[in-house]
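The values are calculated or read from the model by the stated rules, or taken from the named source; none is laboratory data. In this text the structure is predicted, and so the values were computed from the model without any measurement. FYI the Cβ positions are ideal-geometry reconstructions off the backbone, even for glycines, and counts take in every protein chain you see.
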Amino acid sequence: MSLNEARVYLVLNNQGSSMVSSLGKSANLARSAVYPPLESLVRKGFVGTTMSGKRKYYTAVSPEQLRNFIEQKKVTLESLIAEMRRKEQIVSLEHNLDIVHYPGKSGIQTAAQIFMEETREKIWYSFESPIEITELIGVNFLEEYVTARVKRGIYSKVILSSTVDVPWLRDFMKKDKEQLREVITINPREYPFDSTIAVTKGITHLINGNGSPFSVIIRNDNLARNLMSVHKLIWSRYKE
């Protein structure tokens with residue numbers, strides 16, 4: 001925990017369920033300064049929320065439960081390490097090619113982090129199928145990932161094979177401006193796809209969420225450049 005996260009957690013543990021207004025006073029933090037550590041604690045599972053009418057209350061997970069929480073994290077970490085050890089790699093120095101296969105849910109998350117870390121330009125071009133991928137990797141991971149991308153100032157141009165009439169898509173697109181994203185939709189009957197492809201200069205990230213899920217990271221300038229050209233071609237056609 002950060003210092004402010006620890007302060008907020010200790011206050012909640014001592015005084016029980018609380019609203020943000022009382023939390024700020026007890027933790028000696030401005031109301032605006034309470035939200036970031038509080039939201040982080042909720043995402044990490046250290047704090048839960050309940051609604052009473054229109055009021056939201058926050059409750060700390062008990063110290064005894066934290067022990068179980070940490071043990072679960074250790075199990076998850078061991079599973080992640082095992083998945084990462086299973087990665088397969090193909091390298092061809094002659095063709096400036098590096099392909100790495102990451103199996104499983106944790107492999108997809110690892111590949112996503114690598115893709116972000118190795119991004120050399122401030123823009124991504126992607127073909128996405130967010131419903132399947134979100135169900136696979138989890139809403140919390142996706143939200144944290146988008147937040148990290150926004151902090152890095154990386155803009156995302158997204159092509160979705162879907163219809164705008166779908167409720168989740170309307171909610172998704174409402175956040176486009178704040179999440180540095182621009183979205184266009186294409187006819188899912190004419191151009192169906194249920195995988196995700198994200199590309200930026202020199203690197204491509206492929207995600208398969210069906211059957212046995214996996215990710216592939218491909219480091220190759222020519223492939224990335226060609227995929228970006230295809231994306232731009234479709235974008236220019238449907239953007240009009």
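Note on region 171-186: residues that are out of contact with any Pro (no Cβ under 9 Å at 6 or more places or on another chain) and modelled with pLDDT under 80 amount to 2. Taking the criterion of being of a type in the set (D, E, K, R) and modelled with pLDDT of 75 or more, the residues of region 84-111 that qualify are E94, D98, K105.
Evaluated against (1) under 25 Å from G107 (Cα atoms); (2) out of contact with any Gly (no Cβ under 8 Å at 6 or more places or on another chain); (3) β-branched (V, I, T), T196 falls short on exactly one condition, (2). Contact map, region 189-209: first residue free of Cβ contacts under 8 Å to residues at least 24 places away in the same chain and farther than 12 Å from I133 by Cβ, second residue small (G, A, S) and outside any loop (DSSP other than H, G, I, E, B), Cβ cut-off under 7 Å, separation 6 or more or different chains; pairs are T204/A224.
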